[in-house]
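Report on one structure; see the data block that follows.
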Number of protein chains: 4
Amino acid sequence: MRIGFIGVGNMGGPMARNLVQGNYAVRAYDLDAERLAAAGAAGVATVPSALDAVQDADVVISMLPASRHVRQLYLDDGLLDALPPTAVAIDCSTIAPATARDVAARAAQRGIEMLDAPVSGGTAGAEQAKLTFMVGGDAATLARVRPVFERMGANIFHAGASGAGQTAKLCNNMLLAVQMTATAEALALGVANGLDAATLSEIMRASSGGNWPLNVYNPWPGVMEGVPAARGYQGGFAVDLMLKDLNLAVDAAADAGTPTALGALARNLFAMHRRQNDAGALDFSSILRLVAPETEAR
Amino acid sequence: MRIGFIGVGNMGGPMARNLVQGNYAVRAYDLDAERLAAAGAAGVATVPSALDAVQDADVVISMLPASRHVRQLYLDDGLLDALPPTAVAIDCSTIAPATARDVAARAAQRGIEMLDAPVSGGTAGAEQAKLTFMVGGDAATLARVRPVFERMGANIFHAGASGAGQTAKLCNNMLLAVQMTATAEALALGVANGLDAATLSEIMRASSGGNWPLNVYNPWPGVMEGVPAARGYQGGFAVDLMLKDLNLAVDAAADAGTPTALGALARNLFAMHRRQNDAGALDFSSILRLVAPETEAR
Amino acid sequence: MRIGFIGVGNMGGPMARNLVQGNYAVRAYDLDAERLAAAGAAGVATVPSALDAVQDADVVISMLPASRHVRQLYLDDGLLDALPPTAVAIDCSTIAPATARDVAARAAQRGIEMLDAPVSGGTAGAEQAKLTFMVGGDAATLARVRPVFERMGANIFHAGASGAGQTAKLCNNMLLAVQMTATAEALALGVANGLDAATLSEIMRASSGGNWPLNVYNPWPGVMEGVPAARGYQGGFAVDLMLKDLNLAVDAAADAGTPTALGALARNLFAMHRRQNDAGALDFSSILRLVAPETEAR
Amino acid sequence: MRIGFIGVGNMGGPMARNLVQGNYAVRAYDLDAERLAAAGAAGVATVPSALDAVQDADVVISMLPASRHVRQLYLDDGLLDALPPTAVAIDCSTIAPATARDVAARAAQRGIEMLDAPVSGGTAGAEQAKLTFMVGGDAATLARVRPVFERMGANIFHAGASGAGQTAKLCNNMLLAVQMTATAEALALGVANGLDAATLSEIMRASSGGNWPLNVYNPWPGVMEGVPAARGYQGGFAVDLMLKDLNLAVDAAADAGTPTALGALARNLFAMHRRQNDAGALDFSSILRLVAPETEAR
């Protein structure tokens, strides 16, 4: 199976490498020459354009920053026109569900099956081939290319029709942002009343307050090792990226007329945190600094 | 060991029974004659007043509705004066941490050790002796009466000094209220975009959106069996009780000057839900009706 | 001066009539045949297409529902190409500032001056030529066509460069939505504590709580005559239209990275109100029903 | 008429002076010796205790920091017992409506008429005798002592029965906090999109976004002279005092079961601002710094 891979940055790079190690014939392209060279150095065959990458490809995988890049690549740059009609296109970017549906519909007009397949798991998940894929599109198409996904990830979910993968990702990350912030609030309230953050975390984890951040990604410095809070919120999932996803979620909610009062408030608290604390590049668990600015000075 | 037990309602009743079954000599009292009679019928020795219940008791356990009842019992009605100075007082009511600290300080003046020990686990937990206790007060005192707790619960946590049990409970329930509501928002957003609530729940449960309500107490009708959402939100943990705890949490946050923006918004959404949908007696997962009123009509 | 007028609905219709009465030579077009006929019956010359309307026009005025209609008219349908290069284009629709800037830039490429000029004042303001115009674009251009605006409105503000009219409108309406809702909250809190809504309104109006809704558009039934609250929230400014503006404001805030926590919460409360109370067509002061559902039953 | 005046700080001091200048026989007391001496130096007769101040008084006026001080003075310290039964007690402190009702009920048991009469207008209003009084209690009693109020203030409102003055004050200040914050949000959104803060303020003031802060107390530095924003947010109404009032409002809302989502969010934003920016002593219009931290660096 020949795979064209467009976008080999922090996420796409290791994903492409894992496919090469699975003996897929990968041809990669990236607008950024440095990233492309890094992929080449890591053993991925590189080509000078996106159209070269997809020449005679059975599968195209794209991993791009935002909706407009996906639209540019598939529609404006003519990738859909260049693809063999039997190809399957898999877009792993996190973008607006409406854009995903739109591009997939344009692909379908040319007879090309398209899946939206955003990931969770971060760069560590990409490197260790342990990503979670949330896939929207035809179930039979997913079944056909499932082996490709399995070289890159550990969990492959079929979320529903075209766009459903994107929606699932946005719903998940909106929920994540709220529970990270609410966990910070609960810990701050406890500590302000004399409790120890680690003790309170243990109690809530064993009770109905349990959630993913509390369990494995505690925002309070000193409670867990190996998490961003243990290293000044370096690494992890940046506030800027969380804000991007929250903006997409808020947009999708506005389109659907769905109230998401807590999700929208979380978005605004992250926007506030980014400015107050110049926190765009910090891990999103640094939202604790907005809630309890005195924490690290203790 | 002789135990005086004050307050044998939905929670206190089964707790007292479990102590009797553990061969403790329990004398119970309740202001409500009917509840007291029910405790008697269930095999608990009953007495005509609180002071009778604590006569020569080694341990006093109280399980009352709110701060003012605890203050009334221990201070105004003179229970502290009537207790033997060697007794341990355990208040299992959910009340304001400040009240818990205040009453414990008054007990200490008389040489009486007092623990605040609110519970989670609901009436089912009380009946099956599987409650979680969050205990504030002296660790050595807790060690001494731990066997008493173990007849009534499965998890006994020492949260910290006097009042810390109450604080831990409020922090946990504030976090619970937020994540239940945010889970409802995420599911509503997904379903409005064409996803299946059960599929989306499964995806988020396996991802970073996982939390206690999503995992075991899903608010969307039809996703899980045996939860309140499966029976029109009957039973479970009433909106009115959640509001009581959220009010205590908001008060504690105001006292400490801690911002809890999401917790405060959840409080207001529950207050709104209670009125819009006459929902005070429904389980708190019915907050879904505020977020997605059309759900059950589908 | 010849004026081409595109979009003669509830707002555009009376605006075009006022121009005719000011002796301007107006040619009107609307996609909706019924609305076009009504404009004709009211004395406005009608033509069978947008391109006919702008033939040899000195000024083009458009009054359309949303961003996509403006983009369609000026760009996709080729209106900019059909306009004389000396023409001034005035778009009075309420749309995204980014779209306004984009279309104006495309107009500028053809040498055409374009102003974004959204209005406030409602259908009554349109009929009585008492609209407020918030104008973005070149000040000299505005000076040149000011007499045209003065036939349709009483206040003409130059907000700034291209797009600034739209931004001013969104900022104003976001603030309006928040203060209407907060006024409803304050009145509900007072009445729940035994105060009379009219007395409390009078006190706050004379104090630092004063604001436009409180002063002239009170949401509490029975406090003021002639406002939507006095007639079951019929007429006025519909919840659906307020939601449209709040969505644009939230989008603009996301683009700019500006936190608008209260504005975003107001958006979600209106979205909730729309669903809970099937309130899309009611005046926006009906948000009182979300805050105090029992009000009208008193 | 003899008047006993308890509490002669920043507000009570000038109020007592104004009464002296109106030829009332005032005897003042304050727990703080320095403040009492300052009152004496300003021409107010001082006495060594509260009981001395109210000896044979026709009217007692108190101006104290919080609920607990009012309870302490009238109940615990026995002022009600020391008052002549024909006296009228006027409490001008801003306290919980429930406390005001409670103390007034205890006064009534002794035949003493009591009014709750919190003020707005700040120290400038106190000095210039231009305060606004919001009065709860019997209308006939208010009529009897209205001349006393008129020496201290310009607007005297009868809000309703006992406690209604306090409720009116809390409702007003909750609304004020929301509209100040929302005004900051709207201005920040406009400026981020290229508008001038003064121009946007002028447009919204003339439109439906008009409100008291926008009209006379603009939070954006450089828009108005003579307001706290023009002097680094010094002076004015401190964030700490606004938080006190917001906490009372949130408590009253919780007691009544009234949802005040925007009011509660404003409370939390002020709590966040206080900590992030060490802003407790700054004027409350400094909330702009939370919304647009880069403003003053421009």
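Just so it is clear, none of the values below were taken in a lab; they were calculated from the coordinates. In this text the structure is predicted, and so the values were computed from the model without any measurement. So basically every Cβ, Gly included, is an ideal-geometry build from the backbone, and we count neighbours across all protein chains shown.
For this structure, a couple of remarks:
- Over the Cα atoms of region B:109-264, the radius of gyration divided by the Kirkwood radius equals 1.04; this is the Rg/Rh ratio.
- Bridge orientation summary for chain C: considering DSSP beta bridges with both residues in this region, about 15 percent are antiparallel.
- Shielding of peptide D:97-105 by partners, expressed as the average count of other chain Cβ atoms within 10 Å per residue Cβ, is 1.
- With the convex hull of its Cα atoms as the shape, region C:1-60 has an orientation-averaged projected area of 3.3 nm².
- Once backbone amide H atoms are built at 1.01 Å from N, A:Phe5 has A:Arg27, A:Ala28, A:Tyr29, A:Ile61 as its partners under 5 Å, excluding neighbours fewer than 5 places away on the same chain.
- Using a 7 Å projection from Cα along Cα-to-Cβ, the label point at D:Ala140 is separated from the same position in the remaining copies by 6.6, 7.6, 8.9 nm, smallest value first.
- Amide H contacts under 5 Å for D:Gly236: none, restricted to partners 5 or more places along the chain or on a different chain, H placed in the peptide plane at 1.01 Å from N.
- Fully extending the segment from C:Ala198 to C:Ala105, taken as 0.36 nm per residue of separation minus the present Cα-Cα distance, adds 28.5 nm.
- Area projected by the alpha carbon convex hull of chain A, averaged over all directions, nm²: 15.9
- Basic side chains Lys and Arg get +1 at the Cβ, acidic Asp and Glu get -1 at the Cβ, and with that the dipole of chain C about its Cα centre reaches some 220 debye.
- Taking all Cα pairs closer than 8 Å and separated by 6 or more residues, the relative contact order of region A:192-240 comes to 22 percent.
- Between amide H atoms placed 1.01 Å from N, distances below 5 Å from B:Asp196 occur with no residue 5 or more places distant or on a separate chain.
- Counting Cβ atoms of other protein chains within 10 Å of each residue's Cβ and taking the mean over peptide C:157-166 gives 4.
- The overall shape of region D:88-154 is oblate: from the C-alpha gyration tensor, with semi-axes ordered a ≥ b ≥ c, the ratio a/c is 1.5 or greater and a/b is no larger than b/c.
- For the set A:Lys169/C:Lys244; C:Lys130/D:Lys130; A:Lys244/C:Lys130, the pairs lying more than 30 angstrom apart at their alpha carbons are C:Lys130/D:Lys130; A:Lys244/C:Lys130.
- Value of relative contact order over region A:1-140, rounded to a whole percent, pairs C-alpha under 8 Å and six or more apart: 22
- Multiplying the residue separation of B:Glu34 and B:Asp278 by 0.36 nm and subtracting their alpha-carbon distance yields 85.1 nm.
- Considering only the protein assembly as shown, percent of DSSP beta bridges that pair antiparallel, nearest 5: 15
- Between A:Asp30, A:Asp138, A:Asp91, the Gaussian network model of chain A with springs among Cα atoms under 10 angstrom shows the greatest mean-square fluctuation at A:Asp138.
- Calculated label separations, A:Asp196, copies of the chain, 7 Å along the beta-carbon direction, nm: 4.7, 6.0, 6.1
- Average silhouette area of region D:2-161, convex hull of alpha-carbon atoms, in square nanometres: 7.7
- Measure of compaction for region D:118-158 (Cα Rg per 2.2 N^0.38 Å): 1.09
- Kyte-Doolittle mean at least -0.5 and Cα axial length at least 20 Å: DSSP H helices in chain A: A:164-192, A:239-256, A:261-276
- Coupling constants for region B:53-66 follow from the phi torsions by the Karplus curve (6.51 cos²θ - 1.76 cosθ + 1.60, θ = phi - 60°), and in residue order they are 5, 9, 3, 6, 6, 7, 9, 10, 10, 10, 9, 10, x, 7 Hz; glycine and proline get x.
- Remark: the protein assembly as shown is approximated by an ellipsoid whose semi-axes, taken from the C-alpha gyration tensor as √(5λ), come to 54, 44, 25 Å, largest first.
- Using C-alpha pairs below 8 Å separated by at least 6 residues, the relative contact order for chain D is 12 percent.
- Of all chain B residues, the closest to the B-onto-C rotation axis by Cβ, with that distance in whole Å, is B:Gln276, 3.
- Inter-chain Cβ neighbour count for B:210-222, averaged per residue, equals 3 (cutoff 10 Å, partner chain atoms only).
- Projecting 7 Å from Cα along the Cα-to-Cβ direction, the label point of C:Ala230 sits 3.9, 5.6, 6.8 nm from its equivalents in the other copies, listed shortest first.
- Ordering of A:31-38, C:232-239 by packing [mean C-beta count within 10 Å, highest first]: C:232-239, A:31-38
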